[in-house]
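Engineer: My questions all concern the structure below.
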Amino acid sequence: MKSGLYGFLFAMWVLIILGGGIMVVLLGPFTIQQFGEFHWIIASGIKVAIALILVVIWILLLSKLKNWIFKKELNS
Amino acid sequence: MIELIIPAVISCLLAFFVVYFTTPPLIKILAKKNYAVKDMNKKENVMIVRPGGPSIILGIVVSEIVLYGFFQLNEILAIIITTTAAFVIGYVDDRKVMGGWFKPVTLAIAALPIIFLGAYDSDLAFPLFGDVQIPLLYLGLIVFMIPITGNTINSIDVLNGVASGFMVIASFSLSICLFILQNYEIAIVSLPLGFVSLAFYKYHKIPSKIFPGDSGALTFGAMYGVIAIVGGVEIIAAIALLPAVINSFLFLSSVKRVVEHRQIKNPTMLTPDFKLMTTDDKTAPVTLVRLILAGGPLTEKQVAHSIFKLAIFSGGLAIISAFMMVVSI
C-alpha cells in the first residue's frame, strides 16, 4: 500500500505541473478588449470559469487514479 | 547579508524557546483545570491535556513582532493578524463544539486582512511554465486558501505528534523553497513556523503530553497558508502539503460532504496487542492512516513515521518544483 501512496503523490505532482502548464498556456494570454474599462473583470470571470472546470477535471482524474492505484495494490 | 542573518537567528531562537518554555506550565494549568481528553489509541485510559494552541501562537506572535521590528513588512502584519484570528477560531472550537460550517466560514473571514493589507501578488507562479495573471480569481484563492490549509492540518492531527511533526517537515521544505527562489525576507519570516512546530513536537510526540487542539492545528495551517500567499509560492506550498491534501481528498471523496471530524466514525481500531488496524466498518471514512494500515496492523509510532516519510517525499517534490520555477520552457 505504501508504494501506492508514493505513486499517488507523484501522480498528483505531475498533474499539478501539467495543470499549471494548461493554466499558463490557456488562461495567461486570454484578454477581452471590447467591453471598455470592465474588460478585465469579464476576462477574469471567464478565467475563473475555465479554472473551475480544470479543477473539476483534476479532481475526477485523481479520483480515477486513486481507485486504479489502490485497487491494484489491494489485489496484489 | 548580515542584516538578514541577525533577525533570522533572533526570531528562530525566540520561536523555539518561547514554545519550549511556555508549554510545560501550560500543561500544568490545563491539567489543573481538567481540560483533558482520552487518547483513543492507548491501552490504558490515558488522558491528555489540550489545547496547546496558546503556547504555539505566543511563539509565533513574539518572533514575528521581532521580525516586524527589523523589516516593517505588511506581509508580517498579515501573518500575525490572520494566524491570531485562526487561533481564536480554533480556541472557540476547542472550548465549545461548533458546527461543521463554523471553521471554514470564519477562517475565510480571517483571510481578509491579507487582501486589505495588499500583502499579495495576483500572479500565480507555476513550475516550468511561468506566471499567470488572475486578479479576480486570486482574491477567491486567498479566501479559500486559509480554510483549506487550516482544515487540512487539522484533519491530519489524528495520532500523537503527527500534526506538529508533519508541520516541521512541510514548513522547513517551504522555507528552503523560498530561499531557492531568492525571496529571502519571506523565507526568514517563514522560519519561525518550523521552529515553533519543532519545539511543540517535543511535547506532542509519542507519548503525547499535550495535544495542539483545533487552536494549535488551525494556527499551524493558517500561518502556512499566509506564507504561501505572501511568498507567492502557493503551488509549491500545496505540493509540500500533499500527504495532508490526500488525507482530506480521500476523506471528502468517501464522506461526500463537509463534516466536523468529531461526528464521523473512527476509521481505525486497536488489535489485542494494541496495534492500530483498519476497521471493517464500510461506512467509516477512508483516510491516509486507513490506507497506510491496509497492509496490516502497525503501531502508532510506525504509522506516524510512515506519514513523516510521505511528508519528506512531498517536501522533496516541492524543492524540485522550486528549482523548476527558476527555469521556464
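Engineer: Being more than 14 Å from chain A (Cβ to nearest Cβ) and in contact (Cβ under 8 Å) with a residue 24 or more places away in the chain is the requirement here; does B:Pro207 meet it?
Structural biologist: So B:Pro207 passes the test.
Engineer: Scan B:Val303, B:Val286 and give me the residue that is at negative phi, within 12 Å of chain A (Cβ to nearest Cβ) and part of a loop (DSSP other than H, G, I, E, B).
Structural biologist: Among B:Val303, B:Val286, only B:Val286 is at negative phi, within 12 Å of chain A (Cβ to nearest Cβ) and part of a loop (DSSP other than H, G, I, E, B).
Engineer: Under the condition of being out of contact with any Gly (no Cβ under 7 Å at 6 or more places or on another chain), more than 14 Å from chain A (Cβ to nearest Cβ) and of a type outside the set (A, V, I, L, M), which residue from region B:109-136 is nearest to B:Ile227 (Cα to Cα)?
Structural biologist: Applying the filter and picking the extreme gives B:Tyr120.
Engineer: Follow-up question, since we're still on this one. If I go through region B:199-249 residue by residue, how many of them are more than 16 Å from B:Thr83 (Cα to Cα) and either over 12 Å from the mean Cα position of the chain (by Cα) or surrounded by 24 or more Cβ atoms within 10 Å (Cβ to Cβ) (or both)?
Structural biologist: Of the residues in that region, 29 qualify.
Engineer: Still on this structure, I have one more. Could you say which residue among A:Lys71, A:Lys66 is more than 20 Å from B:Ala125 (Cα to Cα), modelled with pLDDT under 75 and part of a helix (DSSP H, G or I)?
Structural biologist: From the options A:Lys71, A:Lys66, the qualifying one is A:Lys71.
The values are calculated or read from the model by the stated rules, or taken from the named source; none is laboratory data. All values reported here derive from a predicted model rather than from experimental measurement. Reconstructed Cβ throughout: ideal geometry from the backbone, glycine too, with neighbour counts over all protein chains shown.
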